[in-house]
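Presented below is the structure to which this report refers.
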Amino acid sequence: MKKIIIPLMICLLLPSVCIAQSAKDAVRALKKVDAKCKVGTTLKDYLNAVADAKFEVDLFLKSKEAQKNQYITGAIQSAMSLYENAGRRWMSGNSALVYETWEDAGELLEQAVDELAKE
């Protein structure tokens with residue numbers, strides 16, 4: 001019980017430490033979506049993965065780190081937008097463009113990963 005209470009109290013007392021997101025966290029969340037795309041997924045699982053990634057990306061976009069490196073921030077925003085658009089296309093039955101959109105998002109993620117490796 002103490003193992004749960006202590007970290008919870010730290011998060012309540014120091015929310016900025018617990019909420020702070022890095023570009024690596026946002027990219028990691030998007031890479032999970034990318035992995036689902038590559039191995040195959042259902043629409044329901046895809047939409048859940050995109051929603052989970054959106055949460056992480058939104059936290060990052062509100063962080064100070066997002067303001068420091070506009071290139072990485074732009075790549076993360078663009079990849080997130082492409083994954084969201086692919087979900088809307090899939091839901092509307094326009095699956096022909098879904099795979100192409102996934103590929104574009106994956107390329108943006110690779111650019112972000114390369115840029116992060118330089119830091």
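Quick check on segment 74-88. Is at least one of its residues of a type in the set (Lys, Arg), in contact with a helix residue (DSSP H, G or I) (Cβ under 9 Å, 6 or more places away or on another chain) and within 20 Å of Thr42 (Cα to Cα)? Checking segment 74-88: not a single residue is of a type in the set (Lys, Arg), in contact with a helix residue (DSSP H, G or I) (Cβ under 9 Å, 6 or more places away or on another chain) and within 20 Å of Thr42 (Cα to Cα).
Lys44 falls short on exactly one of the conditions (1) under 19 Å from Arg28 (Cβ atoms); (2) at pLDDT 90 or above; (3) among the charged types (D, E, K, R), and that condition is (1). Once segment 37-83 is narrowed to residues that are touching a Lys or Arg at 6+ places or on another chain (Cβ under 9 Å) and surrounded by fewer than 17 Cβ atoms within 10 Å (Cβ to Cβ), the residue that is farthest from Ala23 (Cα to Cα) is Asp45.
The values are calculated or read from the model by the stated rules, or taken from the named source; none is laboratory data. Computed from a prediction, not measured in an experiment: that's the story for all the values here. Reconstructed Cβ throughout: ideal geometry from the backbone, glycine too, with neighbour counts over all protein chains shown.
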